[in-house]
Each structure stands twice: as C-alpha cells, then as structure tokens.
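Here the structure is laid out as structure tokens; the discussion comes afterwards.
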Amino acid sequence: MIDETELHGLLARAPGNLPATEPLDVHCLRFRVGDRSLFPAFQFDPVDRRVLPGLDRIIAAARASGLSKVRLLNWLMRTHLDFETTPAAALPAHPDDVLAAPLRELEPQERG
C-alpha cells in the first residue's frame, strides 16, 4: 500500500494522468485507514507514472455489479486459473482479460 503523498509523487499529476477534478476513486482503489488514504501499489505503472489502463473499467464493472472495494481487492489478489497468477499481476499485460474473467465466473453452468 502507498499513501496519498507517495501516490502524487509517483503520478506527478503530469498532463494525461488523472484529471485533478475527478476523485481518485473513479480511477483506482482507495481505502481509508484512520485519517489516511491508502492505495494498493499494484494499480500503478511507476515507469509511465500512471494508473494501469483498464483499471477504471474494472472498478466501474465491480461497482455496477454491487461488488465492494474490499471484495474486488480480494479477487484481484487471489491466484486465478485464467492467469496462473493473480489478476492484479496479469492486469498490466491483459486488462481486457482481467475485466472479462469475473463475467465468465457469473455465467450459468450448463448441465448435460
């Protein structure tokens, strides 16, 4: 986890990064611990100084399905058969696959 000061240093609020007018919760997972905001570090690309592409769509889909931030974080951090690693580790290279994985899990199983 990184705090808000570390996050702003990481992202540097450069042009093209997060819009200053939008809350960070739209683009990444933020958790309040006491009076601090903490962010899971896997969400950020330190080389390009940005939030990983596709994460905002994953968060929006989770919200639309009623999934809490804690449950989403738990899902992202657990090994998943589709990726042979965690969805969080697969996110940089395969954001669309990470977005689609929970949808496949919700599809009804056909019985023969």
Exercise for review: Quick one: residue 96 ticks every box in (1) open to solvent by 50 Å² or more (accessible area, probe 1.4 Å); (2) free of Cβ contacts under 8 Å to residues at least 24 places away in the same chain except a single one, so which number is it?
Suggested key: (2)
Exercise for review: Could you tell me whether any residue of the stretch 30-46 is out of contact with any helix residue (DSSP H, G or I) (no Cβ under 7 Å at 6 or more places or on another chain) and of a type in the set (Gly, Ala, Ser)?
Suggested key: yes
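The values are calculated or read from the model by the stated rules, or taken from the named source; none is laboratory data. Nothing here was measured: the structure is a model prediction, and the numbers come from that model. Positions of Cβ are backbone-derived with ideal geometry, glycine not excepted, and every protein chain shown enters the neighbour counts. Calculation scope for accessible area: heavy atoms of the full protein, side chains included, ligands and nucleic acids excluded. Shrake-Rupley method; radii C 1.70, N 1.55, O 1.52, S 1.80 Å.
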